[in-house]
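Asks: Handing you this structure, nothing more for now.
The values are calculated or read from the model by the stated rules, or taken from the named source; none is laboratory data. Quick caveat, the model's predicted, so the values are computed rather than measured. For neighbour counting, all protein chains shown are included, and Cβ atoms are generated from backbone atoms with ideal geometry for every residue, glycine included. Note: accessible area is taken over every heavy atom of the protein model, side chains too, but ligands, DNA and RNA are not part of it. Shrake-Rupley method; radii C 1.70, N 1.55, O 1.52, S 1.80 Å.
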Amino acid sequence: MDAKARNCLLQHREALEKDIKTSYIMDRMINDGVLTVSEEEKVKNEQRAALLIKMILKKDNYSYISFYNALIHEGYKDLAFYSLILVLFWISVKTVLCEGGVPQRPVVFVTRKELVNAIRQNLFKLNGEAGWVVIYGMAGCGKSVLAAEAVRDHFFLDGCFPGGVHWVSVGKQDKSGLLMKLQNLCTRLDQDESFSQRLPLNIEEAKDRLRILMLRKHPRSLLILDDIWDPWVLKAFDNQCQILLTTRDKSVTDSVMGPKYVVSVESGLGKEKGLEILSLFVSMKKADLPEQAHSIIKECKGSPLVVSLIGALLRDFPNRWDYYLRQLQNKQFKRIRKSSSYDYEALDEAMSISVEMLREDIKDYYTDLSILQKDVKVPTKVLCILWDMETEEVEDILQEFVNKSLLFCDRNGKSFSYYLHDLQVDFLIEKNRNQLQDLHKKIITQFQKHYQPHTLSPDQEDCMYWYNFLAYHMASANMHKELCALMFSLDWIKAKTELVGPAHLIHEFVEYRHILDEKGHHIFEFLSLNGHLLGRQPFPNIVQLGLCEPETSEVYQQAKLQAKQEVDHGVLYLEWINKKNIKNLSRLVVRPHTDAVYHACFSEDGQRIASCGVDKTLQVFKAETGEKLLEIKAHEDEVLCCAFSTDDRFIATCSVDKKVKIWNSMTGELVHIYDEHSEQVNCCHFTNNSHYLLLATASSDCFLKLWDLNQKECRNTMFGHTNSVNHCRFSPDDKLLASCSADGTLKLWDVKSANERKSINVKQFFLNSEEPQEDMEVIVKCCSWSADGARIMVAAKNKIFVSISILTMKLLIYFLADCRGHLSWVHCVMFSPDGSSFLTSSDDQTIRVRNTEIFILGIDVYYLRVAEFLGTNFLGISILKILELLNNRIFQSRIGHKKTVQHIQFTDDGKTLISSSDDSSIQVWNWQSEEYVFLQAHQETVKDFKLLKNSKLLSWSFDGTVKVWSIITGRIEKDFVCHRDTVLSCDISPDATKFSSTSADKTAKIWSFDLLSPLHELRGHKGCVRCSVFSVDSTLLATGDDNGEIRIWNVSNGELLHLCAPISIEEGAATHGGWVTDLCFSPDSKMLVSAGGYLKWWNVVTGESSQTFYTNGTCLKKIYVSPDFKTYVTVDNLGILYILQMLE
């Protein structure tokens, strides 16, 4: 029992023992279920009130509440103390429930104590731990009222949920609707915006945000989810909270973990309860109700909602008992839905009568509500726009509907929102079907009268409604021209994606693609390919993204027009001049995981994609739009592989945790767990025949196993590999199983007998290599069968794919595949069932879906770039060559470097070539006179060098020194000991009096060529300082580090002027997409461009970003800028060349 209740009883114990008559009190308490018959007998035998008080003190809060209610009911009114306590507690409860969005009691309320107590007792069983209490029953049975009533008690809330109660009306939702619900809940829970100042942009982020808010800001609170329809919706709230939910289907909780307690609600009221409701509506005693009341209750079939509707009518017209009874008995209304789990007829009839009895001047307003979607709460402001009225006028009309149970009201703070039950929506749609198009057209016309779409502000009460449903109303109104204008507007796309993310827009383009023309396809493609950028913070400039689209694209044309207008007002935009040469291979880019994606696969029908990775989850999403369908916390460690069964009913996953799991692919329910491998399980694959499903798994324990889904244990274990088994695939006819291993072999197994049929030593196909066979490591990574089962393709030795004939065991072909677009290792390539597209998954957390017809086979650009970067050493030659373009002559150095050549540069006259190498030397070669000078003094590899005037050269090294040389004599003229760690870069001031040095020791320094000690040591960077550059007037120095920070310093005094790219604390990642690798000032020193994960332009005066250009790849090493600062050239790690020009 609560301490306050106990103290209260003890304080007034003596007075109570003298005054109360135990027999009457105990009758009430027995009815409430808090006192047993045996306890009653014990008290009666001793005739002692003291014994009853003693018993109550040993019980819980429910006993105290029941005892107090019994006192009041039996006339102990003089105990004013208890009344005062009750009032105080009621005020406290009302405040908590109002803040949590719990609906108020209906105007007419009838208690159902047994159900309320059952709900509270089950909530009490949670005992502060995460779990679920489910109230389920048919529609209209009063589940929501019971859920609200269960928490309408001070002692109960104070003892079980001191953190408060938070109510969410869910209803039947799609992904975008659920996201909107989660966003609203997160906003309510974080009103002071102490955790984040922006809305979550997808369901996963919203789920994480909700988990943090409930754990940190609202611990020991109760989350109430009203009207849950689908299991996948419930999983969005599965985050270790205490949850009470109402539903029509108690199986919705099968998909979530934790203790579950169910309270079943009868679909109909008993006759006496029904009569009690009518009596309260008409303000009569139950015994005085006319005979027709009994018949009305019978015709209403006990539905609380129907009884309330009829009661509300009788309250206004108390003499119409016969009339309403005849309406219910004689009118034949068309059923809204014939197949349902509850009776629609009575409800339908009652609603018709209720609507008919509305005042004539407001009937049309109720008809207007036919355009509302189910379970969508509409702000008052939307209806003010629709009806062109003041807020007070609208609220008065809506209150009439609420009073007659035709509409529901939800209050959130000072604002109201209104919604229809889904049955009421269906009724209105059926009744007004012929008017629907005109009704939708009316709301669009009114919207256009008051707003321009892109001018909607997030702080407007009705903003979210228009962003989510404006396109729906236009499509329903058959206003195709207006819909296209809206959906093709770059302003609308920018405003909506910035507020709610791109997923809802992509869904709308799919939903209305039959209306949208080719322009719609352009924008859909733009959203699909840039969704991973549009979901990030800070929000990218959508006009700049649009300028990267093909010039024939609607997105580009709008972006170009808008950019030209904004350029006149000083906004910076870049045109990608050579983009025609680049073809985007991806059809869709999604980022479903929070870390590397190890595997992804299509469902057999090609409609879904499953993926898994480092974050231990299994994700399932639509192949066309990227809309997430399932998110399952699948394993306790990294999930290495996933696979759909041939009939698409199941998904298998395997993990580093050594387990194999089978999931229902639609609900996410766990079907089987297999735990027989002794090491991590690397691969899983189903047979191709759905009539007899087998699953094969390959593990680092050197074994393969076959599993029959109808059995609990492994069917067969296959021995033979001597190292980790990386991959396995069934042949098209399911007779053979191919396996690949780190032992360098491909093995074929007979599925029926589990015996080894053939073993192919893949290493033999690499015998032409110069590497000795005994030292050669050939890891066979994966394999795939041809459609006819005659050939098998394997990947081995880095990127070489080998096709082998099963009959002859001979090598047929090998080639390299180019899968551009990913920013890191690609772990998986999978074709769709019809072969029209394929997907790739990568460490960069993205999955890319590509069209097969534009897949390019050829030499990897990155591979060639490395060969060029490694220079002569990669080819086994240490000689430099010069090609004279005028006469095609080749000059070759006689003396070469001992190690890899890293940098080369001609002197201004072109007669001398200077090169540096990993052998710590610098070679100066006059290629015409064949004269050589070697600069040898650095103790470690030379990082780079720069030419100075008067035949001088500045070099810096891993040894922490910077040296000035004469390239004529080879002597050191200055030797600066600059840093304790590697010197990563140097820059020379334009006035040639100073130079800068940056280091892995996280500092930068400014030096004078005349002094051996630094002028200024620049501290503050938290990562390696990788680059630096002086402004043209030598007054400023910019430095960039590995955390994405850029700092601008005053050269004269070493003062920090601006911190341009602070770390994003919320995202935990550098704002520059990685290292800052290069910097360049504009001639007037007012602008700075930086290279890193992408390109950024900065206003030097303010330190703010002026523009960002996102490249396809990342790791931009250099940015080359024209003297007028209007043209920029860079290359990303995919080998894509970017020639950018400032738009004027």
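Asks: Limiting things to C-alpha atoms, what are the Rg and the maximum Cα-Cα separation (Dmax) for the range 430-509, in angstroms?
Replies: For the range 430-509, the Cα-based Rg and Dmax read 12.8, 38 Å.
Asks: At 7 Å along Cα-to-Cβ for each site, give me the label-to-label distance between Ser457 and Gln399 in nm.
Replies: Result: 2.9 nm between the two label points.
Asks: Which far-off residues, 5 or more places away or on another chain, put their amide H under 5 Å from the one on His1016, with H placed in the peptide plane?
Replies: So His1016 has HN proximity to Ile1006.
Asks: Could I ask something else about it? At 0.36 nm per residue, minus the direct Cα-Cα distance, what do His691 and Thr445 gain on full extension? Give it in nm, one decimal, please.
Replies: Details: separation 246, 0.36 × 246 = 88.56 nm, distance 5.65 nm.
Here the segment from His691 to Thr445 would lengthen by 82.9 nm.
Asks: Now a separate question. Can you compute the modelled spin-label distance between Arg105 and Phe906, with each label point 7 Å from Cα toward Cβ, in nm?
Replies: Using points 7 Å along Cα→Cβ, the separation is 9.3 nm.
Asks: As an exercise, use a Förster radius of 51 Å and the Cβ-Cβ distance of Asp675 and Lys58 to find the FRET efficiency, rounded to the nearest 0.05.
Replies: Details: r = 47 Å, r/R0 = 0.92.
The pair Asp675/Lys58 has a calculated efficiency of 0.60.
Asks: Stretched out fully, how many nm does the piece from Asp944 to Asn31 gain, at 0.36 nm a residue minus the Cα gap?
Replies: Working: separation 913, 0.36 × 913 = 328.68 nm, distance 8.97 nm.
Using 0.36 nm per residue and subtracting the Cα-Cα distance, I get 319.7 nm.
Asks: Separation between the Arg513 and Asp637 pseudo-spin-labels, each 7 Å from Cα along Cα→Cβ, expressed in nm?
Replies: That separation, rounded to one decimal, is 4.1 nm.
Asks: Expected output is a single nm value to one decimal: the length gained when fully extending between Arg198 and Leu1137, i.e. 0.36 nm times separation in residues minus the C-alpha distance. What is it?
Replies: Values: separation 939, 0.36 × 939 = 338.04 nm, distance 3.53 nm.
Taking Arg198 through Leu1137 to full extension adds about 334.5 nm, to one decimal.
Asks: Then there is this: Could you tell me the extents of the range 113-264's C-alpha atoms along the three principal axes, largest first, rounded to whole Å?
Replies: On the principal axes, the range 113-264 reaches 44, 32, 25 Å in Cα extent.
Asks: I need the calculated FRET efficiency for the pair Arg715 and Glu777, taking r as the beta carbon distance and R₀ as 30 Å, to the nearest 0.05.
Replies: 0.35
Asks: In Å², what does the accessible area per residue of the range 361-420 work out to with a 1.4 Å probe?
Replies: Using a 1.4 Å probe on heavy atoms only, each residue of the range 361-420 averages 41 Å².
Asks: If r is the Cβ-Cβ distance from His294 to Asn319 and R0 is 22 Å, what FRET efficiency results, to the nearest 0.05? Don't skip to the end; give the middle numbers.
Replies: Working: r = 18 Å, r/R0 = 0.81.
My answer for the efficiency is 0.80.
Asks: How large is ³J(HN,Hα) for each residue in the range 545-556, as worked out from phi by the Karplus curve 6.51 cos²θ - 1.76 cosθ + 1.60 (θ = phi - 60°), to whole Hz, x for Gly and Pro?
Replies: Whole-Hz 3J(HN,Hα) from phi for the range 545-556: 4, x, 5, 8, 6, x, 5, 7, 6, 4, 5, 4.
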